[in-house]
Amino acid sequence: MQITKASDVKRAQDFSMLIFAQAGTGKTTTAKYLPGKTLVIDIDRTTNVLAGEENIDIVYLDTTQPFNAVRVLLKEIHDNHLEKYDNIFFDNISEFENAWFGEKAKESKTKTGLEMGIPQMQDYNAYGYFMTDMIRYINSWEGVNKVFTAWEDTRQIQTSGGQMYNQFVPDIREKILNNVLGLMNVVGRLIINEETGDRGFILAPSSSVFAKNQLDKRKSCLHAELFDIGGE
């Protein structure tokens, strides 16, 4: 049994973080603010915004066969390349989910007129287990920070008093959403100030936004300051 003293734990080391926002808001650009060397796992092919960044390497996942491709890729990173990097940036979970079910639809025997099948119930169950296990596996990597991105969605929540309201959440399948969010130290929503054009993250939970911050006391921060962990 390995025992670690809490006094030896560093908040800004080996953290796991999920950031979400509308498409095109600046999620991928956030990678350039990570200190040290970063490996971006590009799922949705938006890493052109990182052109010219000296401390960032990019690897592209084959989204035509995401199930096998991601297992092979993650094993290769872990076994042969992990020591080269300070950060792993998985961009993005929402598109990985779309690619997963796209592959299952192609494999399905339930064809439509467009020669595209329909994912089966066992595919949804398998995805739930696979996704959470994949995140746990990445989170277990020592010596690197892990950042995941996702698009933005809303879910409807009913209070004990019967009041209904909508909450902004990452665009992840509802059945596993809470599980995935529970595996993160930080969940932040990236937004743009309509008046100033400045970008920033909401890090404190509210009825309208799912967010959390277990690393420091910040309730919000500017886009470029997300990884300045330790602030009030």
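The values are calculated or read from the model by the stated rules, or taken from the named source; none is laboratory data. Values in this document were obtained by computation on a predicted structure and should not be read as measured data. Don't worry about glycine lacking a Cβ; one is built from the backbone with ideal geometry, like all the others, and counts go over all protein chains shown. The protein model used for the area step is the full one, side chains on, heavy atoms only, and it has no ligands, DNA or RNA in it. Shrake-Rupley method; radii C 1.70, N 1.55, O 1.52, S 1.80 Å.
Here are a few things to note about the model shown:
- Between ILE176, ILE172, the distinction of being in a helix (DSSP H, G or I) and β-branched (Val, Ile, Thr) belongs to ILE176 only.
- Matching strands (runs of 3 or more DSSP E) fully within the range 1-96 where at least 1 residues are at pLDDT 95 or above, open to solvent by 70 Å² or more (accessible area, probe 1.4 Å) and over 27 Å from PHE210 (Cα atoms): 56-60
- Among residues of the range 186-215 being closer than 18 Å to TYR33 by Cα and in a loop (DSSP other than H, G, I, E, B), the one that is most open to solvent (accessible area, probe 1.4 Å) is ASP198.
- Test: ARG218 is surrounded by 11 or more Cβ atoms within 10 Å (Cβ to Cβ), closer than 18 Å to SER94 by Cβ and of a type outside the set (A, V, I, L, M): no
- Qualifying positions in the range 134-150 - open to solvent by 60 Å² or more (accessible area, probe 1.4 Å) and either assigned to a helix (DSSP H, G or I) or of a type outside the set (S, T, N, Q) (or both): ARG136, TYR137, GLU142
- Selection status of ASP171, open to solvent by 60 Å² or more (accessible area, probe 1.4 Å) and acidic (Asp, Glu): no
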